Amino acid sequence: MCGIAGFRLLNGIAHPAAVEAMCSQIRHRGPDDQGIYVDQGCGIGMRRLSIIDLSTGHQPISNEDGSVWVVFNGEIYNYPELRDRLIRQGHRFRTHSDTETLVHLYEQEGVDGLAALRGMFAFCIWDARERKMLLARDRFGKKPLYYASTPEGMYFGSELKCLRVAGVPLEIDSEALRLYFQFGYIPDPRSPFRAVKKLRPGGWLTYDAAGGVRQGVYWKLPEPAAEAPAGLDEAQARLRLCELFDEAVRLRLISDVPLGAFLSGGIDSGSVVASMALQSKEPVRTFSIGFEETGFNELPLARLVAQRHKTEHHEAVVRPDSLSLLPTLVRHFDEPFGDSSAIPTYIVSQFAAQHVKVCLSGDGGDELFAGYSVFFNQAKLRWADRIPQGLRRALLRFSEALPYSFYGKNYLRMIAQPTAVERFFESEGTPYFIRQRLLQPEWMLPADGAYLTREFAECLLPADADILLQVLYFETAATLTGDMLVKVDRMSMANSLEVRCPLLDHKLAEFAAALPPAWKMRNGKGKRILVDALSGRLPPELLDQPKRGFGVPLPIWFRGSLREFLADHLLGSRFLNRGMVSPEFVRYLIDEHQSGRRDNAMWLWRLLALELWFEDYECATPAGESLQPGFSIA
C-alpha cells in the first residue's frame with residue numbers, strides 16, 4: 001500500500017525535487033520508503049507502506065529493459081497466478097512483488113490487461129517508448145487518484161495535497177460545492193477545484209506525447225437482477241455465496257506483516273472475522289471501539305464474535321479530543337466531506353495501527369445485499385407512482401406554502417416529484433426545504449430533479465428500471481464509491497493502515513448483482529441471503545439486531561463538548577461572510593438543535609466540515625507538520 005504522485009510536462013525537464021515535494025505531502029500513506037524516477041519531462045514517485053515482498057518491493061519498478069515504469073498504490077491479490085502466466089510468456093521478474101506484475105502485464109496486453117487484475121489499486125505507468133502515461137483505478141475506487149490536465153502537462157496524485165504543492169490552479173468549482181450541500185460529499189469525477197478531477201472507478205486514462213487525453217472504462221458494475229438466474233435456486237445461491245465470500249477473504253489474508261480485522265457489532269464485520277478465523281492458523285487480531293453513550297456502543301456485540309472465534313481481541317472506550325480531531329480529519333480528506341462516521345473510522349484505524357499494518361473490514365455488505373433502510377423506504381413509496389401529475393403539482397405548491405416547522409413538509413414535496421428517481425433524490429441528502437432556507441440562491445441546485453439524473457447518469461439504470469433496482473445500483477455505484485470508500489481510505493491511510501474489503505471483491509459483487517431483491521429483502525430486513533449463508537458462524541444475538549450505522553453521538557456533543565466550537569465556526573464572520581448561507585437560518589438551526597426540538601446534527605456537521613475545509617484550503621498545512629491528534633482510552 002502506498003501513495004503515488006507525479007507529472008508529465010509537455011515542455012521542460014522533470015526535477016526530482018518537484019516529485020519529492022509532491023510525495024512528501026503523503027508520507028502518512030507510506031512511511032516505510034520513498035522512490036522517485038525521472039525521464040526528461042516525466043517524473044513519478046511513491047511513498048511505500050511495506051506489506052508484501054518487504055526486501056525487494058521498492059518502487060518505481062521497471063520492466064527488463066527499463067522502457068516501462070510503474071508507481072503503484074494498492075494490492076493485486078491474484079498476482080501469483082498472473083506472474084506465473086507472464087513468466088510462461090517470456091517475461092523475466094526481478095522481485096516477488098505484485099507491483100512488478102503490472103509492468104509486464106502492460107507490456108503483454110496494454111490497457112486490456114486491466115480486466116485481469118483482482119484487487120484494489122491506483123497506479124501510473126510511464127511508457128518511455130511511446131512517451132505515454134497511463135493512469136488506472138480499481139473497480140470500486142477503493143484507492144483514490146486525482147489528476148489535472150493543464151496547458152503545461154498532466155499531474156496526478158493519491159491526494160489533492162500533491163497537486164496543490166505542484167502548483168496546479170485551485171479555482172473553486174462551485175458546482176461541486178452545490179452537490180456537496182445536497183449529498184454531503186463531492187461525487188466522482190468532480191473535485192472541489194475546476195482543474196482537478198478524480199479518475200472514475202473502473203476507469204483508465206492515457207496522456208500521450210502531444211498532450212492528448214483518452215479515457216475509457218474496463219469494468220462497470222452489472223445491473224442488479226430483477227429475477228433469479230435461470231438454473232439457480234436460493235439454496236444453491238447460498239452455497240455459492242459462501243464459497244465466493246471465503247475465497248475473497250482468503251485472498252486478502254496475503255501479507256508479510258501483521259494483519260487484523262475491524263470488528264463492530266454488525267453482521268458484515270462479524271462474518272469477515274468468522275471467515276478469517278476458519279482459514280487462519282493463528283488467532284485473528286480484532287479491533288473494536290465504543291463510546292460512553294450507550295446507544296453508540298457496540299462493544300458487547302463485538303465481544304460475542306471475538307469470544308466465539310477466540311480472537312486476540314482489542315477494544316477501547318474512546319473519548320476523542322474533538323477540538324484537535326475535527327480539523328485533522330478535514331485536512332486528510334482534502335475536500336469537503338460531511339459523513340460524521342469518519343470520526344470512529346479514524347479512531348479505530350489509529351487504535352488498530354498500534355498493533356497491525358493491515359485490517360480487513362466489512363464494507364460493502366449493505367450496498368450489495370440491501371442492508372440499508374433506504375431500499376425498503378423506496379420500495380414502500382411505489383404507490384406514489386400512481387398519483388396523477390396534476391395532483392403532484394398541486395401537492396408541490398401546497399408543500400411550499402407550509403411553514404418550515406411542519407414536519408410533513410418534506411414528505412409532501414418528496415411524493416410530489418414527477419419521477420421515482422427524482423423522488424429518491426428528494427428523500428436522500430439535505431432536504432429541499434432546508435436548503436431553500438439555508439442557502440443563498442446562487443448556491444442552490446436547480447429545483448428540477450432531472451438535473452441530478454443527468455449529473456449521475458453513469459450511476460443510474462435506464463429510466464424505465466424499477467426504483468428498487470435503481471436505488472440498489474446508485475447506492476453501490478455512487479454513494480459507496482464517493483462517500484463510504486473515501487472515508488475508509490483517508491481515515492485508515494491517515495494512520496498508515498491498509499484496509500481490505502472482502503465483500504467488494506469484484507467476483508463476489510458480480511454474483512451479488514445477479515441475485516434478485518426478493519432473496520436479499522425479507523420480512524422488513526435486508527441481507528437475508530447473506531445472513532442465511534453465513535449465520536451458522538455468528539452468535540444468534542447478532543442476527544436479530546436492528547441495522548446501526550457506524551456513528552458517533554454528534555447530537556449530544558453539539559449540545560455539550562462541541563457547543564462552543566460549533567457556534568464559533570458557524571456563527572463567526574468568516575463563515576457567514578462567504579455569502580453561501582443565510583446567517584439567520586444558521587442561527588435558527590443551531591437554536592432549534594440546542595433546544596432539543598429537532599435533531600439538526602447532520603446538517604450542522606456538514607456545514608462545520610465545509611467551514612473547516614475552507615479554513616484549511618486558505619491556510620494549507622506546511623509540509624512535514626504532524627497530522628495526528630490524540631485520543632484517550634479507558
Inter-residue pairs, beta-carbon under 6 Å, first closer than 20 Å to residue 119 by Cβ and in region 85-99, second among the acidic types (Asp, Glu) and in a helix (DSSP H, G or I), 6+ apart: 93/100
So for region 196-212 (the condition being crowded, with 22+ Cβ neighbours inside 10 Å, at pLDDT 95 or above, of a type outside the set (D, E, K, R) and over 21 Å from the mean Cα position of the chain (by Cα)), does at least one residue qualify? yes
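Has region 248-267 got at least one residue that is of a type outside the set (A, V, I, L, M, F, W, C), assigned by TED's automatic domain parsing to the domain that holds residue 509, closer than 21 Å to residue 139 by Cα and at pLDDT 95 or above? So that I can check it myself, show each step before the final result.
Applying the first criterion (of a type outside the set (A, V, I, L, M, F, W, C)) to region 248-267 yields 250, 252, 255-256, 258, 260, 264-266.
Imposing the further condition that a residue be assigned by TED's automatic domain parsing to the domain that holds residue 509 reduces the set to 250, 252, 255-256, 258, 260, 264-266.
Cutting the leftovers down to closer than 21 Å to residue 139 by Cα gives us 250, 252.
Keeping just the survivors that are at pLDDT 95 or above gives 250, 252.
The answer is yes, given that some residue of region 248-267 is of a type outside the set (A, V, I, L, M, F, W, C), assigned by TED's automatic domain parsing to the domain that holds residue 509, closer than 21 Å to residue 139 by Cα and at pLDDT 95 or above.
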Out of (1) touching a strand residue (DSSP E or B) at 6+ places or on another chain (Cβ under 9 Å); (2) among the small types (Gly, Ala, Ser); (3) in a helix (DSSP H, G or I); (4) buried (at least 18 other Cβ atoms within 10 Å of the Cβ), the one residue 113 does not meet is (1)
Among the residues of region 495-507, the number that are crowded, with 21+ Cβ neighbours inside 10 Å and closer than 24 Å to residue 243 by Cβ is 7
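Before we move on, is residue 216 of a type in the set (Gly, Ala, Ser), surrounded by 21 or more Cβ atoms within 10 Å (Cβ to Cβ) and in contact with a Phe, Trp or Tyr (Cβ under 8 Å, 6 or more places away or on another chain)? Walk me through how you get there before you give the answer.
Details: of a type in the set (Gly, Ala, Ser): yes; surrounded by 21 or more Cβ atoms within 10 Å (Cβ to Cβ): no; in contact with a Phe, Trp or Tyr (Cβ under 8 Å, 6 or more places away or on another chain): yes.
In short, no.
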Across region 429-468, what is the total count of residues that are in contact with an Asp or Glu (Cβ under 6 Å, 6 or more places away or on another chain) and more than 26 Å from residue 371 (Cβ to Cβ)? 0
Among (1) in contact (Cβ under 8 Å) with a residue 40 or more places away in the chain; (2) out of contact with any strand residue (DSSP E or B) (no Cβ under 7 Å at 6 or more places or on another chain), residue 356 falls short only on (2)
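State all residues of region 52-66 that are modelled with pLDDT of 70 or more and either of a type in the set (S, T, N, Q) or under 30 Å from the mean Cα position of the chain (by Cα) (or both); if no residue qualifies, say none. First the steps, then the outcome.
Pass one, region 52-66, residues modelled with pLDDT of 70 or more: 58-66.
If the condition is that a residue be modelled with pLDDT of 70 or more and either of a type in the set (S, T, N, Q) or under 30 Å from the mean Cα position of the chain (by Cα) (or both), then 58, 59, 60, 61, 62, 63 are the ones that fit.
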Confirm whether residue 361 is in contact with a helix residue (DSSP H, G or I) (Cβ under 8 Å, 6 or more places away or on another chain), modelled with pLDDT of 95 or more and of a type in the set (Gly, Ala, Ser). yes
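The values are calculated or read from the model by the stated rules, or taken from the named source; none is laboratory data. Everything numeric in this text was worked out from a predicted model, so none of it was measured. FYI the Cβ positions are ideal-geometry reconstructions off the backbone, even for glycines, and counts take in every protein chain you see.
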